[in-house]
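K.L.:
The structure that follows is given in the form of structure tokens.
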Amino acid sequence: MDVVREGGIGFLGSRLKRLGERMQAGAARITSDAGLPVQPMHMAFLAALDGDARTVGQLVEAIGISQPGVTRGIGQLADLGLVRSEQGEDQRQRTLSLTPAGAAVLARARVHVWPRVEDAVRTLLGEGADTFMTQLTALESALAATPLDMLAAQSGAPALTIRDYSDDLAGDFADINVEWISAMFHLEAADRAVLDHPREQIIDAGGTILFVEARGLGIVGTGALRPSGDGGLELTKMGVRASARGLKAGEFLLAALIERAQAMGHDPFYLLTNARCAAAVHLYEKLGFQHDAGIMARYGARYERSDVAMRYRAGLLG
């Protein structure tokens, strides 16, 4: 499996970097075959200094890389005797230019390296070569105008969304609940009846099942609202995949379930759980549920594992 390729457009930077490294490796072999003492990364410096002296700042602008990168590259070329540094008219700056040896290397590169590399790239890209280069230029211009982190901040796409039940999500409903119940307890007959037949047990009975979907991860959590038959409404079968912990998906989902429950108008609105689910109990308390002995007496026998019963108090939320 190629992780970078399978990562799609979100891995574009890594993919372009990898592509660049592979192309640079091939260009380095072409350069070596031509008997030149430089690397492909030096070609832009040689081209920028062709017939013209420049400062480091001007090279930064001309090549489009960082000042440390320019300083490092120029230092390597100076060590090879291909670039010289001289005091400029402004005493605070030095100008850089090609030595005769540098000009000779550039001339040989123009004849023996650049055409071969260009022919090879055009072979790779085929008829789409010019279109690809136009798109690459547009991408560079857009990124220069607005950095990637700023574009990400402007994105209106939410990280978490709520989805209603559909039969194609029945497997997610079962899998998520089996995961957390099996990790801490054992599946009871009451669990299996609901997980095996969610439409019949919950939807057709007037209840609701919601899912939370995380962008890039898919369905990561679920929870149900199940009418009790005596006017009450149970919050049940709520869980979040272990792989999604830390995303606050549970709190996002619980808030949506509470909102939906309030619209349904049942009373009491309650839940049954176990003290071992400490994180879940804390979340329930945070969003407005209170421990209630009456709920335990009325509904607690429904599950063997129930030793905590809570009732929602609308005025506590927020």
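The values are calculated or read from the model by the stated rules, or taken from the named source; none is laboratory data. Source: prediction; values computed, not measured. Neighbour counts are summed over all protein chains in view; Cβ atoms, including those assigned to glycine, are modelled from backbone coordinates with ideal geometry. SASA here: full protein model, heavy atoms, side chains in, ligands and nucleic acids out. Shrake-Rupley method; radii C 1.70, N 1.55, O 1.52, S 1.80 Å.
K.L.:
Can you sort 186, 42 by 1.4 Å-probe accessible area, starting with the largest? Write out the running numbers ahead of the final one.
P.N.:
On the way: 186 105, 42 10 Å².
Result, largest first: 186, 42.
K.L.:
Over the Cα atoms, compute the radius of gyration (one decimal) and Dmax (the largest Cα-Cα distance, rounded to a whole number) for the stretch 137-185, in Å.
P.N.:
Values for the stretch 137-185 (Cα only, Rg and Dmax): 20.2, 58 Å.
K.L.:
Answer rounded, prolate or oblate for the stretch 257-318, using the Cα gyration tensor with square roots of eigenvalues a ≥ b ≥ c: rounded when a/c is under 1.5, else prolate when a/b is larger than b/c, else oblate. List each step's numbers first, then the result.
P.N.:
On the way: a/c = 2.01, a/b = 1.32, b/c = 1.52.
Note, shape of the stretch 257-318 comes out oblate.
K.L.:
Quick check: net charge around residue 41, other residues with Cβ under 15 Å of its Cβ, Lys/Arg +1 and Asp/Glu -1?
P.N.:
Numbers: positive: 17, 22, 29, 72; negative: 21, 79.
So the surrounding residues net to +2.
K.L.:
Based on alpha-carbon centroids, what's the gap between the stretch 46-74 and the stretch 225-257 in Å, whole number please?
P.N.:
59
K.L.:
Relative contact order for the chain: what is it in percent, counting Cα pairs under 8 Å that are at least 6 residues apart?
P.N.:
On the way: 368 pairs, mean separation 30.6, N = 318.
Reported relative contact order: 10 percent.
K.L.:
Hey, another quick one. Between rounded, prolate and oblate, where does the stretch 1-87 land on the alpha carbon gyration tensor, with a ≥ b ≥ c its root eigenvalues, rounded for a/c under 1.5, else prolate if a/b exceeds b/c?
P.N.:
In terms of gyration-tensor shape, oblate.
K.L.:
What is the chain by shape, rounded, prolate or oblate, if you read a ≥ b ≥ c off the alpha carbon gyration tensor as root eigenvalues and call it rounded for a/c under 1.5, prolate for a/b larger than b/c, and oblate otherwise?
P.N.:
Working: a/c = 4.15, a/b = 3.14, b/c = 1.32.
It comes out prolate by the Cα gyration axes.
K.L.:
Which net charge results for the neighbourhood of residue 256, defined as the other residues with beta-carbon distances under 12 angstrom from its beta-carbon, given Lys and Arg at +1 and Asp and Glu at -1?
P.N.:
On the way: positive: 163, 260; negative: 164, 213, 251, 259.
Value of the local net charge: -2.
K.L.:
Now for a separate question. Which value, in debye to the nearest 20, describes the size of the charge dipole of the stretch 54-115 about its Cα centre when Lys and Arg Cβ atoms bear +1, Asp and Glu Cβ atoms bear -1, and nothing else is charged? Can you show the working numbers first?
P.N.:
Details: 7 positive and 5 negative charges, 37 e Å.
The dipole magnitude comes to about 180 debye.
K.L.:
Placing +1 on the Cβ of each Lys and Arg and -1 on the Cβ of each Asp and Glu in the stretch 192-318, which of 312, 223, 197 has its Cα farthest towards the positive end of the resulting dipole?
P.N.:
Towards the positive end, the residue furthest out is 223.
K.L.:
Over the stretch 1-98, with every protein chain in place, what whole percent of the accessible area is carbon and sulfur at 1.4 Å, could you tell me?
P.N.:
Details: 3160 of 6200 Å².
Answer for the stretch 1-98: carbon and sulfur cover 51 percent of the accessible area.
K.L.:
Using the Kirkwood radius built from alpha carbon pairs, what does the Stokes-Einstein equation give as D for the stretch 30-183 at 4 °C and 1.567 mPa s, in µm² per second? Show your work: numbers first, answer last.
P.N.:
Numbers: Rh = 20.3 Å.
In µm²/s, the coefficient rounds to 64.
K.L.:
Moving on to the next point. What lysines does residue 237 reach when the alpha-carbon gap must be under 28 Å and sequence neighbours fewer than 8 apart in one chain are set aside?
P.N.:
248, 286
K.L.:
Remind me, relative contact order of the stretch 177-273 in percent, using alpha carbon pairs under 8 angstrom and six or more residues apart?
P.N.:
On the way: 132 pairs, mean separation 23.0, N = 97.
That works out to 24 percent.
K.L.:
Hey, what did the stretch 154-212 get for relative contact order, percent, Cα under 8 Å, at least 6 apart? Each step should come with its number before you reach the end.
P.N.:
Details: 30 pairs, mean separation 31.8, N = 59.
Across the stretch 154-212, relative contact order equals 54 percent.
K.L.:
Taking only DSSP H segments of four or more residues, each worth -39500 (n - 2.57), what value at 222 nm results for the chain once the sum is divided by all its residues, to the nearest 500 deg cm²/dmol?
P.N.:
Working: 14 runs with 157 residues, N = 318.
The helix contribution divided over the chain gives -15000 deg cm²/dmol.
K.L.:
Going by average Cβ density within 10 Å per residue, which order do the peptides 32-40, 274-282 take, highest to lowest? Write out the running numbers ahead of the final one.
P.N.:
Numbers: 32-40: 15.4, 274-282: 13.4.
Averaged packing, sorted descending, gives the order 32-40, 274-282.
K.L.:
On to the next question. Tell me, what is the per residue accessible area of the stretch 29-79 in Å², probe radius 1.4 Å? Display every interim value, and only then the final one.
P.N.:
On the way: 2670 Å² over 51 residues.
Spelled out: the 1.4 Å probe surface of the stretch 29-79, per residue, equals 52 Å².
K.L.:
If we count every other residue with Cβ under 12 angstrom of residue 160's Cβ, Lys/Arg +1 and Asp/Glu -1, where does the sum land? Could the numbers behind the result be given before it?
P.N.:
Working: positive: 163, 215, 248; negative: 213, 251.
Local charge sum for residue 160: +1.
K.L.:
What size of dipole, in debye to the nearest 20, comes out for the chain about its Cα centre when the only charges are +1 on Lys and Arg C-beta atoms and -1 on Asp and Glu C-beta atoms?
P.N.:
Working: 32 positive and 38 negative charges, 158 e Å.
The dipole of the chain has a size of about 760 debye.
K.L.:
Could I ask something else about it? HN-Hα J couplings of the stretch 300-310 from phi, Karplus 6.51/-1.76/1.60, θ = phi - 60°, integer Hz, Gly and Pro as x?
P.N.:
Taking θ as phi minus 60°, the curve returns x, 6, 5, 10, 4, 7, 5, 9, 9, 10, 9 Hz for the stretch 300-310.
K.L.:
Here's something else I'd like to know. Whole-Hz Karplus ³J(HN,Hα) for the stretch 140-153, in order, using 6.51 cos²θ - 1.76 cosθ + 1.60 and θ = phi - 60°, x for Gly and Pro?
P.N.:
4, 5, 5, 6, 5, 6, 9, x, 4, 5, 6, 5, 5, 5
K.L.:
Hey, what do the phi angles of the stretch 222-227 turn into as Karplus ³J(HN,Hα) couplings, whole Hz, using 6.51/-1.76/1.60 and θ = phi - 60°, x for Gly and Pro?
P.N.:
Rounded to whole hertz, the list is 7, x, 10, 10, 10, x.
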